[in-house]
1. From (1) modelled with pLDDT of 85 or more; (2) within 23 Å of B:Met133 (Cα to Cα); (3) crowded, with 21+ Cβ neighbours inside 10 Å, pick out the condition that doesn't hold for A:Pro47.
2. Has region B:4-18 got at least one residue that is assigned to a helix (DSSP H, G or I), within 26 Å of B:Ala139 (Cβ to Cβ) and either touching a Leu at 6+ places or on another chain (Cβ under 9 Å) or among the basic types (Lys, Arg) (or both)?
3. Could you tell me how many of the residues in region B:189-203 are in a helix (DSSP H, G or I) and free of Cβ contacts under 8 Å to residues at least 12 places away in the same chain?
4. Out of (1) surrounded by 19 or more Cβ atoms within 10 Å (Cβ to Cβ); (2) within 22 Å of B:Val195 (Cα to Cα), the odd one out for A:Ile78 is which?
5. Would region A:72-93 turn up any residue that is more than 18 Å from the chain's Cα centre (by Cα), more than 7 Å from chain B (Cβ to nearest Cβ) and closer than 18 Å to B:Met133 by Cβ?
6. Only one of these is touching a helix residue (DSSP H, G or I) at 6+ places or on another chain (Cβ under 6 Å), within 30 Å of B:His111 (Cα to Cα), facing chain B (nearest Cβ under 7 Å) and surrounded by 15 or more Cβ atoms within 10 Å (Cβ to Cβ): A:Ala53, A:Ala42. Name it.
7. Confirm whether B:Gly211 is of a type in the set (Gly, Ala, Ser), at the interface with chain A (Cβ under 7 Å from one of its Cβ atoms) and within 18 Å of the chain's Cα centre (by Cα).
8. Sort out which residues of region B:216-248 are free of Cβ contacts under 8 Å to residues at least 40 places away in the same chain, surrounded by 21 or more Cβ atoms within 10 Å (Cβ to Cβ) and within 17 Å of A:Val39 (Cβ to Cβ), and write them in order of number.
Amino acid sequence: MTDTEIYVYSAILLLTLCSVLTRAGYMVFGDYLPLPDGVRRALRYAPAAALTAILVPDLLPWREDLGPVFDYKLVAGIAGIIVFLRTRSAVLVIVAGMVALWTLRWLGG
Amino acid sequence: MAADPSAADLDAAEIRRERIAAFRHGVQAIVPALVATWAWGLVTGVAMVKSGLTESMALAMSLLLYAGSAQLTSLPLIATGAPLWLVFAAGSIVNLRFLIFGAALHPYFRHLSWPRRLALGYFTTDMGFVLFMPRYADAAQKGTREQLWFFLGAIAPGWLAWQSSSVIGIYLGALVPSSWSLDFAATLALLAVTVPLASSRPMLAAMAAAGAVAWVGQALPLRLGLAAAVLAGILAGMAAERRARGRA
């Protein structure tokens, strides 16, 4: 193995350890790490918060040197939300959003 | 006592039927989200190869890590030869949410043996968690057969969709021009999953706060903005919940 291979595979193994610890850690050792009921209730907000936080940087990018930037993806995303509220279909959201993005880019250059 | 064996058989059949029904409900719940999983996997597969990993490295990464955002976060670090501790720390922060998920899921699966809990934890997905919690958050009894098999049904298709699309992405995805912005299809699919979660005022408050912090927090390194946004969302949701209860 070359140095690069050793480095990359070491990184992959370390990240695998990180995956196992974060995902299964509480599941395995949970009995020794009791959580009060209030905390458990609080955790119900975690998934919606995480999903929103994953989406926002895509729709409302913020460049290190420029600050907030406008992207056509925001308009396409809003179009997607409107389509979802009317149809409740994930596939139509993707179709409408992609068509909106391509059209806007084509019109705007 | 001649009736006993057939009664046991009946029980076994009943249990199996219950398992299959719950598993099927889990699968039905996750299917709409698989489009998102699939698109993400494809994008991640392409990204791994394009960042300079060989095909075998990319395959090892996908099969061992099974963590899209941690994979995407670590790629630029690995490409620039960042120190291994930094790669590990960055992956851990992006994966912090799974610790929170694990804490929430633990009461439902604590009765299982530790190897099974280890496996369930490892195969836990964002979407599996997102679908499981609202369904069983107020369940009177935690740790039922139905809950376990619903969860299995919700996470098993995710693994298949993720790994198959990643492999396709690794081998073929590089042929798709980046100008198609295929990654945006993943965003749109996630959007369709996220919007219906805004079902109550506290939940909406949590999402608004998380969105605002995530917007401003993009400048933070190591995707710390993501962790900060989750924290802000939880605090806002709790505050809104307390206010709603105070008024009631």
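1. Answer for A:Pro47: the failing condition is (1).
2. Scanning region B:4-18, I find at least one residue that is assigned to a helix (DSSP H, G or I), within 26 Å of B:Ala139 (Cβ to Cβ) and either touching a Leu at 6+ places or on another chain (Cβ under 9 Å) or among the basic types (Lys, Arg) (or both), so the answer is yes.
3. Result for region B:189-203: 3.
4. (1)
5. No, every residue in region A:72-93 fails to be more than 18 Å from the chain's Cα centre (by Cα), more than 7 Å from chain B (Cβ to nearest Cβ) and closer than 18 Å to B:Met133 by Cβ.
6. The match here is A:Ala42.
7. No: the conditions fail for B:Gly211.
8. Within region B:216-248, B:Ala232, B:Gly233, B:Ile234, B:Ala236, B:Gly237 qualify.
The values are calculated or read from the model by the stated rules, or taken from the named source; none is laboratory data. Not measured: the values here are computed from a predicted model. Glycine gets a Cβ as well: all are built from the backbone with ideal geometry, and neighbour counts include every protein chain shown.
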